[in-house]
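The values are calculated or read from the model by the stated rules, or taken from the named source; none is laboratory data. None of the values given here were measured: they were computed from a predicted structure. Ideal geometry is used to build each Cβ from the backbone, glycine not excepted, and the neighbour counts take in all protein chains shown.
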Amino acid sequence: MKKTMLLLVALAIPLLPRDPLAQRIGHTDPGKYTRSRSHGSAGDMACEVLMPGNALTTNLDFMHRCQIMPGGGVGHHFHNQCEEMFIIFDGEAEFTIDGRTSVLKGTVGAPSRMGHSHAIYNPSDHPVEFMNINVTAVKGKYDAFNLEDARTDVASKDPIPVFMTMRLDKALLALVENYHGGVGRVRYRRALEPSVFYTNWSYMDHLLLPPGSSEGVHRHPGIEEVYYVVNGEGQAQVNGETAAIHKGDAVPVLLNEAHSFKNDSSQDLEFMILGIATQKGVLETVVGAGGRRGQ
């Protein structure tokens, strides 16, 4: 009965009144950034809420798009009800997980599981492009325990990080023909698997669509996604609605919403895809109008 009710809810969600797709897409806009300090940091970040928690029905708490100012960052802290990942898109920054610090160069992220401490610091003389994603164990439940340590003067840094990282390296992508029934050959990789996370945070995918290619129409009965455009421009289609997308855009996709993406430009269209499941281990994909299922 419980599974039946969950399925009915999932099927009903796309039928609820919603804003048009173009209005649901989050747009990176530095003009909307506001400066602040975070968890005892020594310097500033400038941020906007790119995707709020209520954009999905699963346990997204937020997706923030920011710049870390020179000497700024996020101070050392714990989450015991959340998992978080810091991502830098350019330059380099000092990432700390559980008190161990390494210098990482973008594009790279470092996931921090529940109950593990983390921080980031920009020692350079220029801003670093940054994203912070937070997923909760319980919808709407956020917590933090600050250590009042800005991590500005770490004497010993590990040349090889002793914590998990997510590398968005195009050289690691594999060629896939007619991905989800789409057009042409795309390049794809699951950058982080479900086993990385304790929560229902399911995966982080890296997808590159060359000019003229597409990801075919498909849906996920038990997973919601956010497609973030790392580079390029193209077209998103969600439940029959179409909208243009550009670098810095974030496209939310709810449970069972049929979606596809097309590169109708002359440059590569590159995505980072966040997947959050309704329950741990759910990975089902239903492809095309015929409903072929896969993982």
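Worth a mention:
- Qualifying residues in the stretch 242-289 (those that are surrounded by fewer than 22 Cβ atoms within 10 Å (Cβ to Cβ), small (Gly, Ala, Ser) and under 19 Å from the mean Cα position of the chain (by Cα)) - the one modelled with the lowest pLDDT: GLY281
- Only a single criterion out of (1) surrounded by fewer than 20 Cβ atoms within 10 Å (Cβ to Cβ); (2) touching a residue at least 24 places away in the same chain (Cβ under 8 Å); (3) not in a loop (DSSP other than H, G, I, E, B) is not satisfied by ALA171, namely (2).
- Hey, TYR203 more than 22 Å from SER266 (Cα to Cα) and not charged (D, E, K, R) or not: yes
- In the set ASP149, ASP125, ASP153, ASP143, only one residue is part of a loop (DSSP other than H, G, I, E, B), in contact (Cβ under 8 Å) with a residue 60 or more places away in the chain and surrounded by fewer than 15 Cβ atoms within 10 Å (Cβ to Cβ); that residue is ASP143.
- Residue-level analysis places ARG187 outside the set of residues that are charged (D, E, K, R), within 30 Å of ASP98 (Cβ to Cβ) and at pLDDT 95 or above.
- Meets criteria (crowded, with 23+ Cβ neighbours inside 10 Å, among the hydroxyl-bearing types (Ser, Thr, Tyr), within 22 Å of ALA258 (Cβ to Cβ) and over 19 Å from the mean Cα position of the chain (by Cα)) for SER202: no
- Hits in the stretch 72-103 (condition: within 24 Å of ILE276 (Cβ to Cβ) and assigned to a strand (DSSP E or B)): VAL74, HIS77, PHE78, CYS82, GLU83, GLU84, MET85, PHE86, ILE87, ILE88, PHE95, ILE97
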